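Asks: I am attaching a structure below and will ask some questions about it afterwards.
The values are calculated or read from the model by the stated rules, or taken from the named source; none is laboratory data. Note that the coordinates shown come from a computational prediction; the quantities given were computed from them, not determined experimentally. For neighbour counting, all protein chains shown are included, and Cβ atoms are generated from backbone atoms with ideal geometry for every residue, glycine included.
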Amino acid sequence: MKTSLKLTLILLVVAFISSCNDMNDGINKYMENGERLYMGKLDSVKTFAGQNRFMISFYLKDPRVDTLAIYWNQKGDSILLPIAPHSADSLYKVNIGGGTFPEGNSVLQFICKSRSKYKSMVVESSVNVYGARYQAKLTSRYYNKAANCTYRTPKNSMTLSFGLPANQSEIGIMLRFFNKKLDAEKDTLISSKSISDALAAARKIDATALYAYLTIPNVVYDKVTKPVTYRTLYLPEATAIDTFYTKRDTIQTLKVVSY
C-alpha cells in the first residue's frame, strides 16, 4: 500500500515538472532576443481632411520620442517627422502632403521611435483626402435668371434670387461686386444659412416658394465695367482644413431700375 502511494506521488511530481517545462518552452521562444521594451504610443489621434493634404493632431506622453513614422498605402509610402524635445502630454498639429497627397481614403499607421531604437506599438487611423475628382463634381448654386433680380440705382442695392444648394457640403456663396462704401471691388460671403433663412421667410408668404431673395446694400453696378460675379464654396467634411470653390460665374440678369 505504501509502495503504491509513493509511486503515485512520484508520477505526479514527474508530470508536474514536465508540464512546467512545456510551459517554459512556450515562453522561451518570445524571450530569445531578450526583453522587448516599447516607447509610448500616440494618444488621441485625430485626422482632418484637406485638398491633396491632411492634418493630424495628437498627444505625445513619452518625452523620449524624437521621431514619428507615418505609413500609408499598406506601408508602401511613409514619412519621418522629427520631434523636438518636449514635455509629457504635448499636443501636436501637423500638416501632411503639401498639396501633393493622393486623393482618396488612406489608412495611416503611426509608430513613435527614439535614438535608442525603441519603437512604440502601432496606432492606426484613417483620413479622406480630396482633390481634382471631388472638385470636378462641384456645381454653382443656381440663381434664378427668370426672377426679378434687380439693381436699384437710387439706393445702390441689388436683389438676387438663389435656389437650393446642390448638396449639404455647400457652406455659402462668395459675391464679388464694387462696394460703394469701400470704393473698391470687394468679396462678400453669403452663408448657406443666410440663404436658407431667406427661403424660410419666403415660404411664410408662399409655401411653394423655391427661391430665396437676398438684398445686398452698397453696390455700384455696371454690366460691363462693374459686373457682379459669384462662386460657390464647399467644405467636404465639417472638420476639413480646406475649402473648395467653383469657377466664378457672372450674374447676367440684373435689371436696372430707378426706384
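Asks: Taking the stretch 183-202 as the region of interest, how many residues are under 18 Å from Tyr221 (Cα atoms) and surrounded by 12 or more Cβ atoms within 10 Å (Cβ to Cβ)?
Replies: 4
Asks: Quick check on my filter: what residues within the stretch 93-144 are of a type in the set (Val, Ile, Thr) and surrounded by fewer than 12 Cβ atoms within 10 Å (Cβ to Cβ)?
Replies: Once the filter is applied, which keeps residues that are of a type in the set (Val, Ile, Thr) and surrounded by fewer than 12 Cβ atoms within 10 Å (Cβ to Cβ), the stretch 93-144 yields only Thr100.
Asks: Looking at Thr139, Thr150, which is the one that is polar (S, T, N, Q) and closer than 30 Å to Phe54 by Cβ?
Replies: Matching residue, one of Thr139, Thr150: Thr139.
Asks: Let me ask you something else. Within the stretch 116-135, which residues are assigned to a loop (DSSP other than H, G, I, E, B) and either under 28 Å from Ile83 (Cβ atoms) or among the charged types (D, E, K, R) (or both)?
Replies: Correct list: Ser116, Lys117, Tyr118, Met121, Val122.
Asks: Take Cys20 and decide whether it is out of contact with any Cys (no Cβ under 9 Å at 6 or more places or on another chain), at pLDDT 90 or above and either over 30 Å from Ala136 (Cα atoms) or not in a strand (DSSP E or B) (or both).
Replies: No; evaluated as a whole, the condition is false for this residue.
Asks: Would you please list the contacts, defined by Cβ atoms under 8 Å and residues six or more apart or on different chains, that run from a residue in the stretch 183-201 that is at negative phi to a residue that is surrounded by 18 or more Cβ atoms within 10 Å (Cβ to Cβ) and not in a strand (DSSP E or B)?
Replies: Taking only residues 6 or more apart or on different chains, the pairs are Ser192/Pro165; Ile195/Arg141; Ile195/Pro165; Leu199/Tyr211.
Asks: Looking at Asp242, Asp222, which is the one that is acidic (Asp, Glu) and surrounded by fewer than 16 Cβ atoms within 10 Å (Cβ to Cβ)?
Replies: Asp222
Asks: Looking only at the stretch 58-102, which residues are in a strand (DSSP E or B) and polar (S, T, N, Q)?
Replies: Correct list: Thr67, Ser78, Ser90, Asn95.
Asks: Test Glu237 against the criterion of being assigned to a loop (DSSP other than H, G, I, E, B), modelled with pLDDT of 95 or more and over 15 Å from Asn144 (Cβ atoms), and give yes or no.
Replies: Working: assigned to a loop (DSSP other than H, G, I, E, B): yes; modelled with pLDDT of 95 or more: yes; over 15 Å from Asn144 (Cβ atoms): yes.
For Glu237, the condition - assigned to a loop (DSSP other than H, G, I, E, B), modelled with pLDDT of 95 or more and over 15 Å from Asn144 (Cβ atoms) - is met.
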